[in-house]
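Single-structure report; data block below.
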There are 6 protein chains.
Amino acid sequence: MVYLTRLEHFNAAHKLYNPNWSKEQNEAVFGVCANENWHGHNFELFVTVKGEVDADTGFLMDVKQLSKLIQEKVIKHLDHKNLNLDVPFLAGKMCSTENLAMGIWEQLVPHLPAHVQLHCVKLYETPRIYVEYFG
Amino acid sequence: MVYLTRLEHFNAAHKLYNPNWSKEQNEAVFGVCANENWHGHNFELFVTVKGEVDADTGFLMDVKQLSKLIQEKVIKHLDHKNLNLDVPFLAGKMCSTENLAMGIWEQLVPHLPAHVQLHCVKLYETPRIYVEYFG
Amino acid sequence: MVYLTRLEHFNAAHKLYNPNWSKEQNEAVFGVCANENWHGHNFELFVTVKGEVDADTGFLMDVKQLSKLIQEKVIKHLDHKNLNLDVPFLAGKMCSTENLAMGIWEQLVPHLPAHVQLHCVKLYETPRIYVEYFG
Amino acid sequence: MVYLTRLEHFNAAHKLYNPNWSKEQNEAVFGVCANENWHGHNFELFVTVKGEVDADTGFLMDVKQLSKLIQEKVIKHLDHKNLNLDVPFLAGKMCSTENLAMGIWEQLVPHLPAHVQLHCVKLYETPRIYVEYFG
Amino acid sequence: MVYLTRLEHFNAAHKLYNPNWSKEQNEAVFGVCANENWHGHNFELFVTVKGEVDADTGFLMDVKQLSKLIQEKVIKHLDHKNLNLDVPFLAGKMCSTENLAMGIWEQLVPHLPAHVQLHCVKLYETPRIYVEYFG
Amino acid sequence: MVYLTRLEHFNAAHKLYNPNWSKEQNEAVFGVCANENWHGHNFELFVTVKGEVDADTGFLMDVKQLSKLIQEKVIKHLDHKNLNLDVPFLAGKMCSTENLAMGIWEQLVPHLPAHVQLHCVKLYETPRIYVEYFG
């Protein structure tokens, strides 16, 4: 079994804001991340798949196909978007990096080729903060 | 003469949108960057100063003092903000990285110690795009 | 279960020197790392915690709180220090990156919130050498 | 148990080309990677070993010794080489990053000290694509 | 005046080999870089343009347009190619990074918008070696 | 004219301490950097040379020769050393990054080939602080 990882990039705006709480409570818990006018990030997304290598190609999976899949199922729905307002798969959830990583997993898992398993979604929110989700 | 550079970081939301144009014209020129719901970035800011070294300290300038100055005059006004809505020194200007770099220069230049000159503001909008301004 | 990682930084001096050995034996085993006058590094410290996400915040744990904990329990005891002379939790141990990573684990583990587990301490000694400890 | 990782670098040419297929089939499957005149990469190789720490040295294993081993058993056979033509341990295999990572594992595993286990070979083909092999 | 930089990436094979010299002389001068079977690199290309900012857009130049220009005039002629065999603008020249940077400059300079000047082509051959050309 | 840059690495200990001042004055000016027991850094050194390209080689200068020169004249005198105690060319000077960069310049400039000029010494003290010296 080998593991293959592809890095993709997207930019987005968001805020950390629980609509069931007062403005004061949001600011107490989330600090500057609760700014009502939004802030944003360059997200770096590492997607890792695992499985057996095909003898004819030497590939676990064509990495161009993996990149295209991530672009179509994830990046085009997140890039240059507002994560709180524009993303159906995050509707009703807090816009944390944790929930975003789990949401990305759900978008990818039904579309991978049958011989390949999704292993990890790793998402950098800043160069010093990242989340990993293994399903 | 030596050059000293300090890297600081901030996150912000913005959109590229000219209020004198129609929505269609904005989308034609700025594409996804014109998303009315905003997007955002992790900005990496390199500030370079130049001058002579002090014999007693070996410093052009104490880099902690430079960092504090950038924090107070720039970062606290930009970090976790909406560049179009929350930043007085960008009011009435297009929120491009070019204008942001030039605006940051203006915030810093009056506050540097007398023996030091501001040399360059270098601003990464994404890991693959940056702007430099030398005054 | 999700995994959250925070990167922190510290600078320190150390040497690799076993006080039970002769100078010659130390130099034979540790080479330039045994320089009696010390050398030093910029250490990059990645701390990973794991657990369940809170529905109200979307957080495994507030990353600012994690950063503060690492600062208070680890960084302020190591940053700009001599690892052989200034750090009680390394007293009597060889100052290797392996022992440093294990020592950092011990400093953090009693102070994490009850719903969160420490998963990994990853410590870069140089950009090309790192150690991981999983407890 | 601790994990120690060393990063080494090599440059090489290769092509993805199955000699049992027609040129057309190769181009259909491998695209530009099938260019008969070759292309190439800067490969970044992370080798991770694991085991117990020695009390006298504080080391899992001397990282200089690990580096030397990787240089002698791997890098000198791959650096500035053509992976399809010049590398005996890849003969008869497709020159994918997956097969290269697995081949590197085979070169290293017989030569590690008895108290240390090989844990992972991680190989970057580009800054955005990497493969991991755990044996 | 502001400076705008865009980073693009390509992979290619090459060798350093002067056809007017014997094999021995080539190996004496170029060492492993003269391997007749080629080697290769991941090249990182930074293109910097300079000029005045447009008041309506806040742009020196649309960075997407700059990226497209680099892709069309440079990357598609170099990516996954053999620099010695496949690249008309390098024909008859030594395939050094210096000559490659100067050749890239020549490809770009006629195609920039009239209000913008090419300032610098910076080309990384490896993460530790780069060349800059300012015309 | 082209510019060629080579990156080299060294680790060292130092402190910022003016022997003409009291301990209190040193701590007031240099803070934690004045720790009498030393601290240290991973220094990243970029050396840039400039000149004309040789038609037979395509080189400004053989980068392996540049690397060897930096190793012999600079790195072997600084790597795994105490900058205050072990480095003759820093004797009697404050051990700042500014003075270190200027000292490195002096070590290199007499040894470059006649057709090549030293352009810049750029020295990272941490990933967020660097100094440049152009002579």
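Per-residue mean of foreign Cβ neighbours for A:62-73 is 2 (Cβ atoms of other chains, 10 Å radius). Remark: C-alpha extents of the stretch F:1-71 on the principal axes read 61, 20, 16 Å, sorted largest to smallest.
Projecting the Cα atoms of C:L112, C:A13, C:M102 onto the charge dipole of chain C, computed from C-beta unit charges around the Cα centre, puts C:A13 farthest toward the positive end. The charge dipole of the protein assembly as shown, taken about the Cα centre with unit charges on the Cβ atoms of Lys, Arg (+1) and Asp, Glu (-1), comes to about 0 debye, rounded to the nearest 20. With one equal scatterer per alpha carbon and no solvent term, the Debye-computed log10 I(q)/I(0) for the stretch C:2-135 at 0.17 1/Å reads -0.88. Computed on chain B, with alpha-carbon pairs under 8 angstrom and 6+ residues apart, the relative contact order is 31 percent. Springs join every pair of Cα atoms under 10 Å in this Gaussian network model of chain E, and among E:E24, E:E125, E:E52 the largest mean-square fluctuation is at E:E24. Positive-end ranking of E:Y3, E:H41, E:S22 along the dipole of the stretch E:1-58, with charges on Cβ about the Cα centre, is headed by E:S22. Of the two radii for the protein assembly as shown, the radius of gyration is 0.94 times the Kirkwood radius, both from the alpha carbons; that is the Rg over Rh value. Distance from the alpha carbon centroid of the stretch A:58-92 to that of the stretch F:90-119 works out to 49 angstrom. Taking the Cα centre of the stretch D:36-121 as reference, the dipole from Cβ charges on Lys and Arg (+1) and Asp and Glu (-1) amounts to some 140 debye. Peptide D:79-86 shows a mean partner chain C-beta count of 5 within 10 Å per residue C-beta.
Note: the stretch C:43-97, Cα convex hull, 99 Å³ per residue.
Okay, helix-only estimate at 222 nm for chain E: each DSSP H run of n ≥ 4 adds -39500 (n - 2.57), divide by all residues, round to 500 deg cm²/dmol; what do you get?
-6000 deg cm²/dmol
For peptide A:123-132, the mean count of partner chain Cβ atoms within 10 Å of a residue's Cβ comes to 6. Legend: Rg and Dmax of the stretch E:66-135, from Cα coordinates, 12.1, 35 Å.
None of the figures in this text is laboratory data; all of them are computed from the coordinates on show. None of the values given here were measured: they were computed from a predicted structure. Every residue, glycine among them, receives a Cβ derived from its backbone with ideal geometry; neighbour counts consider all protein chains shown.
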